[in-house]
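Working notes, beginning with the structure itself.
The values are calculated or read from the model by the stated rules, or taken from the named source; none is laboratory data. What you see is a predicted model; the values in this text were computed from it and never measured. We place every Cβ from the backbone using ideal geometry, glycine too, and count neighbours over all the protein chains shown. Accessible surface is based on the protein model in full, side chains and every heavy atom, while ligands, DNA and RNA are left aside. Shrake-Rupley method; radii C 1.70, N 1.55, O 1.52, S 1.80 Å.
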Amino acid sequence: MKIGETQTKCRVCAALIFLSDLQIPNFFFQWKQIKQIKQKQKQNNYIYTYGPAEPPNPPVLRAADLPVRDAPAAAAAAAAGASQPRRATGWKLSEEEACREDLTRLCPRQTWTNNLAVLECLQDRREETEIAPDCNHLLWNYKLNLTTDPKFESVATEVCKSTIAEIKECNEEERGRGYLVSCLVDHRGNITEYQCNQYITKMTSIIFSDYRLICGFMDKCKEDINNLRCGSINVGHKDVHSQGEVIACLEKALVRQAEQQDHVRSIKEECQRAILRVAELSSDDFHLDRHLYFSCRDDRERFCQNTQAGEGKVYKCLFNHKFEEAMSEKCRDALTTRQKLISQDYRVSYSLAKACKLDLRKQRCSLDTNLPRAREARLSYLLLCLEAAVHRGRPVSGECQGEMLDYRRMLMEDFSLSPEIVLHCRTEIEAHCSGLHRKGRTLHCLMRIGRSDRSTAIDSICQSALQTLIQSADPGADYRIDRALNEACESVIQTACKHIRTGDPMILSCLMEHLYTEKMVEDCEHRLLELQYFISRDWKLDPILYKKCQGDAARLCHTHGWNETSELMPPGAVFSCLYRHAYRTEEQGRRLSRDCKVEVQRILHQRALDVKLDPELQKRCMTDLGKWCSEKTDTGQELECLQDHLEDLVSTCRDVVGNLTELESEVRDEKPGESNRLSFK
């Protein structure tokens, strides 16, 4: 270890030792006075709205205790007892009767002489079950006094001097209210100064244990806390030292608001931004999400015991086990809330934001970083933008693509993470898909009724929400994203498609080729057709087709700029354009390239298996299918039936079927050894 680094570490340690030993004269006695006042108010049945309790006056410490230009020496002297006035009355948490029993039971003896060590030990305990109410209240008042003490900011000013100068917002913060350190916590991702980073990391655990210590949070959300009754309590209720439940209440209200048509109690925009910002700041260490930490502490030991905390690793591990039978319901609910916040703002995921930061900049996906809830911050927009870049052959880092894969799978597994699905498909879910929440079953249930006959078809808005979700998740690029399909088709893939690399998009094409063969199993057949129904309505969702035909589509079908927006083109419009150009003669003008023509033929063969895979044909021939072909349910029989009744069809249906018949004839002329029908009989 270098000498400079050693000195820096000693400097930070000395500062922390100094803070742990701040004297708080008459602190406990003032707290007792407040307690007595509250008890008297309770006897008078007085009710108040939850807000920061009036703390004892912050301790007045002499500037001589911490000379500004020699913080390390002063802190070391403080630790050694050189500051006689402070040491004479040196106050210790461990010496107070309110916490003595809890301290003896829960904390190692070597921590008792250090207030910060005691605080760190007791902070991760369940307040309502593990720590006495009086001790909770004492800890809260201690932390509030600590963070508003002038010396708390003096240490930050000395240790983070150059950092504060660089961060304008922190440099301008009002001193003496605890806002300076909170501001540094808020910007800790930009802190490069080692000693400041270490100090702020230590202080973060204190700041995040109570929403009122987070810079500006109370000012921005006080009205919403009261309106949503996230903090209303009766006098006499103890002021517990961790207020994670207040933030959890606001987070649930925020995700609930996105899932409701009528916002009866809309959260103010500035509070929405504050909630998402706090969630983002706690994204690297799950200890900082107090509600989730206490809800999932046992599950963390059960599933992620060997996962090291930091960089969002524990969150990801718990996400991967969310639908395990042994996962507790309270932890599953807390994880789902956090995933919903990620859907609203991808930066709430530390690993995703870090892995894709440079790629988002290169692909110009982050156009407006000033509005956390703007379109550019939504997870779906990030995925669409980066998936478009990958499909176009632009470089996206492997680390970012790995993170994208995880979150695309997450969207397909749990429909509730898409507020549009929850909002617009609620009726269909309650009527047809209740009890199928896990492992993507609800989405496939919606897909099934989405491709059903008109009499039971789902609402068009729900259909659109489904299409948008599948576009964001992009399961056509990797079948493993669709867990329901993956599990249903595993045996078929192992036998019929084992020659194709795992995760290759050609797996879906291989499954389609074996759709009605002896190697196919019924469950796989259903899941495959449910997914292909939606893939067939957006040509971009077939990555092979898009790769081979994007140039032709831009040249012949005017698709410039489709990937710069999440808007859908009319279902099937691009593919219809491509196959109209597939067999043109040189005299007729513009034709498809050879590679694109091969892919168009592949799609035509697959669509002949089920007319519902051809959006234009299904739309124009719905009446004729019911009139002439209702009994033709075997493979390819519906299309053959329409061809046999060509003269009886309505004009719009006759045109579509006639075009397909003409293409069949041209395919037969090019490949005389093949069947004259676009089907696999």
Out of curiosity, is E487 open to solvent by 10 Å² or more (accessible area, probe 1.4 Å) and farther than 24 Å from S418 by Cβ? no
Residue check, E638 of a type in the set (D, E), open to solvent by less than 80 Å² (accessible area, probe 1.4 Å) and either over 29 Å from M447 (Cα atoms) or at pLDDT 85 or above (or both): no
State all residues of the stretch 591-616 that are in a loop (DSSP other than H, G, I, E, B) and under 15 Å from S576 (Cα atoms); if no residue qualifies, say none. R591, L592, A608, D614
Complete set of residues in the stretch 302-322 that are modelled with pLDDT of 90 or more, under 18 Å from the mean Cα position of the chain (by Cα) and open to solvent by less than 30 Å² (accessible area, probe 1.4 Å): G312, V314, Y315, C317, L318, F319, K322
Given the conditions (1) within 20 Å of the chain's Cα centre (by Cα); (2) closer than 23 Å to H321 by Cα, every one holds for S434 apart from (1)
Across the stretch 105-136, what is the total count of residues that are of a type outside the set (A, V, I, L, M), part of a helix (DSSP H, G or I) and at pLDDT 75 or above? 11
Could you please tell me which pairs satisfy a Cβ distance under 8 Å, a separation of 6+ or placement on different chains, a first residue in the stretch 501-513 that is on the phi > 0 side of the Ramachandran plot, and a second residue that is not in a helix (DSSP H, G or I)? G503/D478
Can you spot a residue in the stretch 366-374 that is open to solvent by 20 Å² or more (accessible area, probe 1.4 Å), modelled with pLDDT under 90 and small (G, A, S)? yes
Only one of R480, R408 is surrounded by fewer than 19 Cβ atoms within 10 Å (Cβ to Cβ) and either in contact with a helix residue (DSSP H, G or I) (Cβ under 7 Å, 6 or more places away or on another chain) or without any contact (Cβ under 8 Å) to a residue 24 or more places away in the chain (or both). Can you tell me which? R480
Candidates S665, S675, S630 - the one that is part of a helix (DSSP H, G or I), at pLDDT below 80 and surrounded by fewer than 16 Cβ atoms within 10 Å (Cβ to Cβ): S665
Check the stretch 280-294 and report whether any residue there is hydrophobic (A, V, I, L, M, F, W, C), more than 17 Å from the chain's Cα centre (by Cα) and either modelled with pLDDT of 90 or more or open to solvent by 50 Å² or more (accessible area, probe 1.4 Å) (or both). no
Going through (1) surrounded by fewer than 22 Cβ atoms within 10 Å (Cβ to Cβ); (2) farther than 21 Å from A353 by Cα one by one, P395 fails only at (2)
